[in-house]
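Chemist: Dropping the structure in here first, questions after.
The values are calculated or read from the model by the stated rules, or taken from the named source; none is laboratory data. All values derive from a computational prediction rather than experimental measurement. In this analysis, Cβ positions are derived from the backbone assuming ideal geometry, glycine residues included, and neighbour counts consider all displayed protein chains.
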Amino acid sequence: MRYVFDTNALISLFDGEMGSNAISEFMHRLETKEAEGFISVITLTELYYLYKQRKGAETANAVIEQIRLSKLKRAVITSKIALIAGEYKGKAIPIADSLIAATAKALDAKLITNDDDFKGLGLEIVNF
């Protein structure tokens, strides 16, 4: 099973918000190789920006380091992902979400999110 983790899933995990236990379970599946996990490089951008704004550069760097040390694979934006994202953007979805959704589509992965922006794209969504 393949999963793409949306930014809000990882924020939930790092901040101990509601749903963080479910995200921890998905992360455990990656450690035991029961699943493959990916994040779009856009998620790195969002995480760094949000944590730097809210808690400072030191915390932002610590979050990125935790991602780097995890079993999450970074998915770069390929031409295929960019074109799929263009289709999604045409449905009035924010560009970052379009790229994250396109990553899930291109990787034939389920998207772990609680963000309603992804509804109606034909993706398999896993809410947490």
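Chemist: So, in region 29-43, exactly how many residues are out of contact with any Lys or Arg (no Cβ under 7 Å at 6 or more places or on another chain) and either crowded, with 18+ Cβ neighbours inside 10 Å or within 12 Å of T7 (Cβ to Cβ) (or both)?
Modeler: The number of residues fulfilling the criteria is 3.
Chemist: Name the single residue that is farthest from K71 (Cα to Cα) among those in region 37-50 being assigned to a helix (DSSP H, G or I) and of a type in the set (A, V, I, L, M, F, W, C).
Modeler: The qualifying residue farthest from K71 (Cα to Cα) is L50.
Chemist: Can you find, within region 112-128, the residue that is nearest to the chain's Cα centre (by Cα) among those that are without any contact (Cβ under 8 Å) to a residue 40 or more places away in the chain and either in a strand (DSSP E or B) or crowded, with 17+ Cβ neighbours inside 10 Å (or both)?
Modeler: I125
Chemist: Report whether or not E34 is free of Cβ contacts under 8 Å to residues at least 40 places away in the same chain and either of a type in the set (K, R) or not in a helix (DSSP H, G or I) (or both).
Modeler: Judged against the criteria, E34 is a match.
Chemist: Is there any pair linking a residue in region 86-108 that is surrounded by 24 or more Cβ atoms within 10 Å (Cβ to Cβ) to one that is small (G, A, S) and assigned to a loop (DSSP other than H, G, I, E, B), with Cβ under 9 Å and at least six apart or on different chains, and which?
Modeler: S98/G90; T103/A109
Chemist: Identify, please: which residue in region 1-28 is free of Cβ contacts under 8 Å to residues at least 12 places away in the same chain and assigned to a helix (DSSP H, G or I) and is, among those, surrounded by the most Cβ atoms within 10 Å (Cβ to Cβ)?
Modeler: S20
Chemist: For region 51-65, enumerate the residues that are over 14 Å from the mean Cα position of the chain (by Cα) and outside any loop (DSSP other than H, G, I, E, B).
Modeler: Of everything in region 51-65, those that are over 14 Å from the mean Cα position of the chain (by Cα) and outside any loop (DSSP other than H, G, I, E, B) turn out to be Y51, K52, Q53, R54, K55, A57, E58, T59, A60, N61, A62, E65.
Chemist: In region 62-86, what residues are touching a helix residue (DSSP H, G or I) at 6+ places or on another chain (Cβ under 8 Å) and not aliphatic (A, V, I, L, M)?
Modeler: Q66, S70, K71, R74, T78, K80, G86
Chemist: Identify, from the list E36, E25, the residue that is touching a Phe, Trp or Tyr at 6+ places or on another chain (Cβ under 8 Å), acidic (D, E) and at pLDDT 95 or above.
Modeler: When all the criteria are applied, what remains is E36.
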